[in-house]
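The values are calculated or read from the model by the stated rules, or taken from the named source; none is laboratory data. The structure presented is a predicted model; accordingly, all values stated were derived computationally and were not measured. Using ideal geometry, Cβ is built from the backbone for each residue, glycine included, and neighbour counts are taken over all protein chains shown. To get the accessible areas, we keep the full protein, side chains included, count just its heavy atoms, and leave off ligands, DNA and RNA. Shrake-Rupley method; radii C 1.70, N 1.55, O 1.52, S 1.80 Å.
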Amino acid sequence: MTDEDLPPLAASVRQPEGTPDRLRRQIEFVIEVDRLKNVFRQSPLLAADRKENDAEHSWHLALMTLVLAEYADEPVDTSKVLALVLVHDLVEIYAGDTPLYDTAGAAGQEAREQRAADRLFALLPGDQQERFRALWDEFEARVTPEARFAKAMDRLQPLLLNYGNEGGTWRTPGVTEEVVLTRKSVIKDASGDLWEYARSLIRTGADRGWVPRDRTGA
């Protein structure tokens with residue numbers, strides 16, 4: 001059985017008799033997204049010897065948004081950014097996490113996540129289904145200031161974990177300083193200040209040997 005075939009968790013949690021249909025559907029969605037706590041990423045935690053899960057990642061992005069919103073180059077609606085970062089990885093409940101440096105896995109990522117979004121958000125009542133799907137689509141498209149800042153948080157957070165772990169996923173075969181800079185460059189679309197900070201982390205990591213420099217043509 002693949003993640004996409006998983007039966008809904010709500011099937012094993014009986015709702016009380018007389019629960020209104022709208023509330024029942026909302027609660028079933030809330031129950032289903034508990035699965036996010038069991039989707040593990042490649043980023044190592046700083047406070048424990050294990051990888052972080054998607055729920056921890058999303059929480060961290062939300063808190064970073066509250067702390068760092070002042071560095072956005074364009075005015076952003078913080079409440080909208082919070083909604084975007086909390087929704088953006090929900091589809092990984094069925095699609096799984098695709099590590100940033102996994103080029104093979106990235107090949108089918110969009111199709112997997114589109115199918116997952118169709119299934120997951122359909123659990124909600126119609127109006128909320130449309131709203132949550134619109135938030136997810138907005139994050140993916142990155143055409144609004146809020147989506148660009150949310151994406152910047154999504155790229156900056158694992159960078160902090162890798163730097164604090166003296167490499168982390170930077171030690172993935174084939175990853176170099178230039179590869180990291182390229183994959184993280186979307187940060188500059190939202191914040192020049194945070195991009196300069198991110199570049200300093202990557203440069204320092206390379207100086208200390210935590211990520212190799214690309215010596216091609218040297």
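What do you get for the angle between helix 109-121 and the principal long axis of the chain? Use alpha-carbon atoms, 0 to 90 degrees, nearest ten.
30
With every protein chain kept in place and ligands, DNA and RNA left out, what is the accessible area per residue of the range 78-177? Probe 1.4 Å, answer in Å².
Ligands and nucleic acids excluded, the figure is 40 Å² per residue.
Starting from the alpha-carbon convex hull of the range 52-157, give the projected area averaged over all orientations, in nm².
About 6.8 nm², averaged over all directions.
Which order, highest average first, do 93-102, 11-20 follow once you tally other Cβ atoms within 10 Å for each residue and take the mean per peptide?
Going from most to least packed, we get 93-102, 11-20.
Please compute the modelled spin-label separation between residue 56 and residue 127, points set 7 Å along Cα→Cβ, answer in nm with one decimal.
Using points 7 Å along Cα→Cβ, the separation is 3.7 nm.
May I ask you to order 55-61, 149-155 by the average number of other C-beta atoms within 10 Å around their residues, highest value first?
Output ranking for 55-61, 149-155: 149-155, 55-61.
How high is the relative contact order of the range 176-218, in percent, with contacts defined as C-alpha pairs under 8 Å that are six or more residues apart?
54
For residue 41, enumerate residues with amide H under 5 Å from its amide H, sequence gap 5+ or separate chain, H modeled in the peptide plane.
Close amide H contacts, sequence-distant or interchain: 52, 53, 54.
Along the range 155-171, what does the Karplus equation 6.51 cos²θ - 1.76 cosθ + 1.60 (θ = phi - 60°) give for ³J(HN,Hα), rounded to whole Hz, x for Gly and Pro?
With coefficients 6.51, -1.76 and 1.60, one gets 8, 6, 4, x, 4, 5, 5, 5, 5, x, 9, 6, x, x, 6, 4, 8 Hz.
Using unit Cβ charges (K, R positive; D, E negative) and no other charged atoms, how large, in debye to the nearest 20, is the dipole of the chain about its Cα centre?
The calculation lands at about 420 debye.
Separation between the residue 27 and residue 115 pseudo-spin-labels, each 7 Å from Cα along Cα→Cβ, expressed in nm?
It works out to 3.2 nm between the two label points.
With all protein chains present, how much of the accessible area of the chain (probe radius 1.4 Å) comes from carbon and sulfur, to the nearest whole percent?
Of all accessible area on the chain, carbon and sulfur atoms account for 52 percent.
Angle, helix 78-87 long axis vs. longest principal axis of the chain, Cα atoms, 0 to 90°, nearest 10?
Between helix and principal axis, roughly 80 degrees.
Sort all Cα-Cα distances of the range 165-206 into consecutive 5 angstrom bins from zero, then give the percent of pairs in each bin up to the one containing the longest distance.
For the range 165-206, the pair-distance distribution reads 5, 23, 32, 24, 12, 3.
What does the C-alpha gyration tensor say about the overall shape of the range 1-109? Classify as rounded when a/c is under 1.5, otherwise prolate if a/b is larger than b/c, or oblate.
oblate
Using helices alone, what [θ] at 222 nm do you get for the chain, with -39,500 (n - 2.57) per DSSP H run of 4 or more residues, divided over all residues and rounded to the nearest 500?
That calculation yields -16500 deg cm²/dmol at 222 nm.
Calculate how large, on average over all directions, the projected area of the Cα convex hull of the chain is; give the answer in nm² to one decimal.
13.9
For the range 36-90 and the range 161-218, compute the distance between their C-alpha centroids and round to whole Å.
About 19 Å separates the Cα centre of the range 36-90 from the one of the range 161-218.
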